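Working notes, beginning with the structure itself.
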Amino acid sequence: MKKIKLIINWDLKDFWKALLGSFLFCIAMNYFVVPNHLYTGGVLGLSQLTRSIAIDIFHLQTPFDFSGIIYYIINIPLFILAYKTIGKTFFFRTIFTVSLQALLLLVLPNRLILNDILTNVIVGGIIGGIGVGMILSSGASTGGTDIIGLALAKKNNHFSVGKTGLIINLFIYIIAGFRYGLPIMIYSIIYSAVDNLMVDKLHEQNICSTAFIFCKENPKIINEFIKNDLKRDFTYWDAKGGYDDSRTYIIYTALTKYELTKLEKAMNHFNIQTFMIKSEGIGIKGIFNKKF
């Protein structure tokens, strides 16, 4: 585990979160999506569509689903984009998770668990979205449109991984609809909507938040944590408590939900009397760097 931390700077919790998330993502694919001949969208959806067209044209017969191989090949140039726009740590983590997913997609059998297609779509979307959300929250990604979405989100606060995925997926579903029928396209879109909704709900680094912190003692330790550990700016001022007219310090900062959770945990160890008012899922305009 020390070697893993040296290479990709993962702590034990995030490492296991990425493993479990990758497993859930591949379970959703091979037990709920692929057996129903649906398409997930994104790079994996493009890989599945390429596999289906290749089988139709060349009548290929393989003992395994080779869409995972196509998926990995298409991701190679996106790895370079991740390295240049998001960072080295994210780059190495994503190579690890995408390699694991490509392997799981090959070895896990394509087996239908539920008979009703709509139930498969909803359950698969929830499981797959939870898996991708866990992977993103661990500081990695499933590659493909996740990388594109993160790169766009860093440049514009109006973008998110889920929204970017939906936009790109529409083009894939239109092709699937023309070639394999309208029902396949509709059910694939429903799956994608559920999946991307879960991703955006769980991807804490994409959720903008604010916090008001009130304390009676000098807030220097809190200010230093926000500045040095979270790498965020803040505003603070002196005030007076209305109940007893005592001196009060107020700190205000904007940060992601992921960083807000770190701040809350740290405040439990500061040994000063404080209370916090927080808001999550707010809109922020202007310069606000989302750090992934």
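The values are calculated or read from the model by the stated rules, or taken from the named source; none is laboratory data. If you're wondering where the values come from, they're calculated on a predicted model, not measured in any experiment. Heads up, the Cβs are rebuilt from the backbone with ideal geometry, glycines too, and the neighbour counts pull from every protein chain shown.
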Query raised in the report: When the residues of region 114-126 are filtered to those that are assigned to a helix (DSSP H, G or I) and either of a type in the set (Val, Ile, Thr) or without any contact (Cβ under 8 Å) to a residue 60 or more places away in the chain (or both), which remaining residue is farthest from Leu19 (Cα to Cα)?
Result: Ile117
Requested in this report: Return the only residue of Phe15, Phe32, Phe23 being in contact (Cβ under 8 Å) with a residue 60 or more places away in the chain, surrounded by fewer than 22 Cβ atoms within 10 Å (Cβ to Cβ) and under 30 Å from Asp116 (Cα atoms).
Outcome: Phe23
**Report entry** region 239-269, residues that are in contact with an Asp or Glu (Cβ under 9 Å, 6 or more places away or on another chain) and outside any strand (DSSP E or B)
**Finding:** Lys257, Tyr258, Glu259, Leu260, Thr261, Lys262, Leu263, Ala266
Query raised in the report: Consider Met198 against the criteria (1) under 21 Å from Met134 (Cα atoms); (2) at pLDDT 75 or above; (3) touching a Lys or Arg at 6+ places or on another chain (Cβ under 9 Å): it satisfies all of them except one. Which criterion is unmet?
Result: (3)
Report task. Scan region 104-113 and give yes if some residue there is of a type outside the set (Asp, Glu), in contact (Cβ under 8 Å) with a residue 40 or more places away in the chain and buried (at least 22 other Cβ atoms within 10 Å of the Cβ), otherwise no. Result -> yes
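One line per residue, one yes/no per condition, for (1) in the same structural domain as Leu150 (by TED's automatic domain parsing); (2) surrounded by fewer than 16 Cβ atoms within 10 Å (Cβ to Cβ):
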site	(1), (2)
Ile189	yes, no
Met198	yes, no
Pro219	no, no
Lys240	no, yes
Asp245	no, yes
Thr253	no, no
His269	no, yes
